[in-house]
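Here the structure is laid out as structure tokens; the discussion comes afterwards.
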Amino acid sequence: MDFNNRVVLITGAARGLGREYAVRFAASGASVVVSDLKDCRETVASCAEQGGEALGAVTDVTDLDSVNRMVEAAAGRFGRVDVLVNNAALFGNLSFAPFDSLHESEWDATMAVNVKGIWNCSRAVVPVMREGGGGSIVNVSSLAAIYGMPNGLHYTTSKAAVIGLTRGLAREVGRYDIRVNAVAPNIVETEAAGEFFGEVTQKMLDATRAQQAIRRTLEPKDLAGTVLWLASDLSRHVTGQTIMVDGGTVFL
Ligand SMILES: NC(=O)c1ccc[n+]([C@@H]2O[C@H](COP(=O)([O-])OP(=O)(O)OC[C@H]3O[C@@H](n4cnc5c(N)ncnc54)[C@H](O)[C@@H]3O)[C@@H](O)[C@H]2O)c1
């Protein structure tokens, strides 16, 4: 896929899957803006190794002013934004615990980052995309929402909200040639997955693999291909969809 002359903004890109997407976009010719609460220097360096131009922006997606500054920096440096990947989320450091033992503050924080964060980024980026003649927004949901993952009701609920947000926003912005889709991945072995599942990580990976038609654990590159496809013109007539990248666990 060719992303030459395309500007891609990815949130939550300091590590993990966000970094993988950034590197793949950079390797495909995109100019990449990588943002996170944390410093994105390593991701910027990885993008540069691929010959891609990258800009890091420390951003809190729950704070609209911070998000607006990120989008201004992106437009200031590259002149446009063609793709927004809403990847930032609270996941790794969340409690993996029964629904009635979750703390209210953690519930609220999860909704603020995983749901409101996408709303904030969308309302900051859509005017820039409109001005540029269109664009593609890719939201990161999770198979947890479709499968109904237990012991993480705040996370599961937030990722279900991402699917509704994707559908509603797709209807609102399609007239501007802006597409909005989501990916819903099964467990991918990232640092965050290890933090979330803790000592039962291996058990969860084994159990997950056993339910997949394709009996191997998903790797970050399994997701990147779908994200890049949704971001590219190859999917130009696809909007409002949630694509399960789950090795064949749930069929709709
Ligand atoms: N790894 C998996 O098994 C898996 C499965 C399904 C979905 N996902 C989703 O994929 C995405 C990436 O997952 P990952 O495993 O790479 O996790 P990760 O924790 O490594 O990545 C999330 C990033 O978001 C950043 N972030 C958190 N709060 C933020 C805020 N307020 N503002 C800006 N950035 C913030 C974090 O600093 C982190 O770098 C997440 O949306 C996650 O929910 C992951």
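The values are calculated or read from the model by the stated rules, or taken from the named source; none is laboratory data. This is a predicted model, so every value here is computed, not measured. No Cβ is skipped: glycine too gets one built from the backbone with ideal geometry, and neighbour counts run over all protein chains shown. For accessibility, only protein heavy atoms count, side chains too; no ligands or nucleic acids. Shrake-Rupley method; radii C 1.70, N 1.55, O 1.52, S 1.80 Å.
Once the 1.4 Å probe is applied to the protein heavy atoms, region 29-91 comes out at 44 Å² accessible per residue. For the chain, the alpha-carbon radius of gyration amounts to 0.95 times the rule-of-thumb value 2.2 N^0.38 Å expected for a compact globular protein.
For region 56-108, the Stokes-Einstein estimate of translational diffusion at 37 °C and a viscosity of 0.692 mPa s comes to 240 µm²/s, using the Kirkwood hydrodynamic radius over alpha-carbon pairs. Evaluated with a Cβ-only charge set (Lys, Arg +1; Asp, Glu -1), region 17-66 carries a dipole of roughly 220 debye about its Cα centre, given to the nearest 20.
The phi torsions of region 207-219, fed into the Karplus equation with coefficients 6.51, -1.76 and 1.60 and a -60° offset, translate into couplings of 5, 5, 4, 5, 8, 8, 5, 9, 8, 9, 5, 4, 10 Hz, rounded to whole numbers, with Gly and Pro shown as x.
From most to least packed by mean Cβ count within 10 Å, the peptides 28-39, 140-151 give 28-39, 140-151. Length gain on complete extension for the stretch Arg123 to Asp63, per 0.36 nm per residue less the alpha carbon to alpha carbon distance? Answer, rounded to one decimal: 20.4 nm.
Helical runs assigned H by DSSP (4 residues or longer) give the chain a calculated mean residue ellipticity at 222 nm of -14000 deg cm²/dmol, each run adding -39500 (n - 2.57) before division by the residue total. Shown for the chain: the carbon plus sulfur share of the solvent-accessible area, taken with all protein chains present and a 1.4 angstrom probe, equals 50%. What the Cα atoms of region 73-214 give is an Rg and a Dmax of 16.8, 49 Å.
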